Amino acid sequence: MKLLLIAVTAVCLAFGTGLAVAQDFDKGLAAAEAGDFETALAEWLPLAEQGDMYSQLNVGIMYSKGNGVAQDHTEAVKWFRLAAEQGLSEAQTYLGEMYEFGHGVGQDYAEAIKWYRLAAEQENANAQANLGILYHGGRGVEEDYAEAIKWYRLAAAQQNGAAYTNLGTMYMDGLGVVQDYAEALKWFRLASEQGFPQAQYNIGWMYQQGTGVLQDNRKAHMWYNISSANGVVDSAKLRDQIAAEMTPEDISTAQAMANTCMSSGYKECGW
């Protein structure tokens, strides 16, 4: 089965360091939530230049995503670093990601691990999940499945969907744990309920193959359909291959099941 290990980052935080700062920060936050990124930047940039780490984080996010400014990874790294050096775990996580993928800096797994670890030690679930991925793949460190599982479990304890997905892959393939399809399905299900498409794809694969579950083309079609709608490229091809073996009635049922599952926020999925 093709595995996709999911890296995750943080989102903007609505905090400030003082009354005046908080007032201006909140103006920027309200503007950003309304999609007015130029106003948000106008509020946050002066605060960031004064050393407010939360504003530095958000200015970095704007440059990394190109919200209200031309996308500029180098500028994003500058602001993430300023906030990260003040100990802000979300900024440390973003900075780790920039080093992991070589955005705005030279790709450097050791530096990524350094920043992820600083954030992970502050119980940042996203950093914990990303550390697990690097140990899982042996990037910047010796491949160490036990260490990967340790970090995935810490993140999963905080209901981190990426960690759920990645734990599922460990159990699916028996990496660092005894292979256990029921346990894999448990973690994929938890991730699927949060809308993680790779976990949804993996459930489809399990039903297609009859791995850990009774083989069921309708459920396989349903989960491939859902993961395809959520952006997993291979899902549509596999769904269509299964459909060639199904009756029109079964296809219609599978499509209805997928619609019900998605419209219920992944709560009514025929578990």
(message) Can you find a residue that is touching a residue at least 24 places away in the same chain (Cβ under 8 Å), outside any helix (DSSP H, G or I) and open to solvent by less than 60 Å² (accessible area, probe 1.4 Å) anywhere in the stretch 93-106?
(response) yes
(message) Just the residues that are assigned to a loop (DSSP other than H, G, I, E, B) and not polar (S, T, N, Q), please, taken from the stretch 34-83.
(response) ALA34, GLY35, ASP36, GLY51, ASP52, GLY66, GLY68, VAL69, ALA70, ASP72
(message) Restricting to the stretch 138-195, name every residue that is in contact (Cβ under 8 Å) with a residue 60 or more places away in the chain, within 21 Å of ALA229 (Cα to Cα) and open to solvent by 40 Å² or more (accessible area, probe 1.4 Å).
(response) ARG189, GLU193, GLN194
(message) Every residue in the stretch 107-133 that is surrounded by 22 or more Cβ atoms within 10 Å (Cβ to Cβ) and farther than 21 Å from ILE149 by Cβ, please.
(response) TRP115
(request) Only one of these is part of a helix (DSSP H, G or I), modelled with pLDDT of 95 or more, farther than 30 Å from GLU100 by Cα and not acidic (Asp, Glu): ALA199, ALA220, ALA155, ALA184. Name it. (result) ALA220
(message) Of the conditions (1) more than 20 Å from the chain's Cα centre (by Cα); (2) over 25 Å from GLY28 (Cα atoms); (3) among the acidic types (Asp, Glu), GLU100 satisfies every one except a single condition; which number is it?
(response) (1)
(request) Sort out which residues of the stretch 201-224 are under 11 Å from MET257 (Cα atoms), open to solvent by 40 Å² or more (accessible area, probe 1.4 Å) and free of Cβ contacts under 8 Å to residues at least 40 places away in the same chain, and write them in order of number. (result) ARG218
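The values are calculated or read from the model by the stated rules, or taken from the named source; none is laboratory data. Source: prediction; values computed, not measured. Quick reminder, even Gly has a Cβ in these numbers, built from the backbone with ideal geometry, and neighbours come from all protein chains shown. Note: accessible area is taken over every heavy atom of the protein model, side chains too, but ligands, DNA and RNA are not part of it. Shrake-Rupley method; radii C 1.70, N 1.55, O 1.52, S 1.80 Å.
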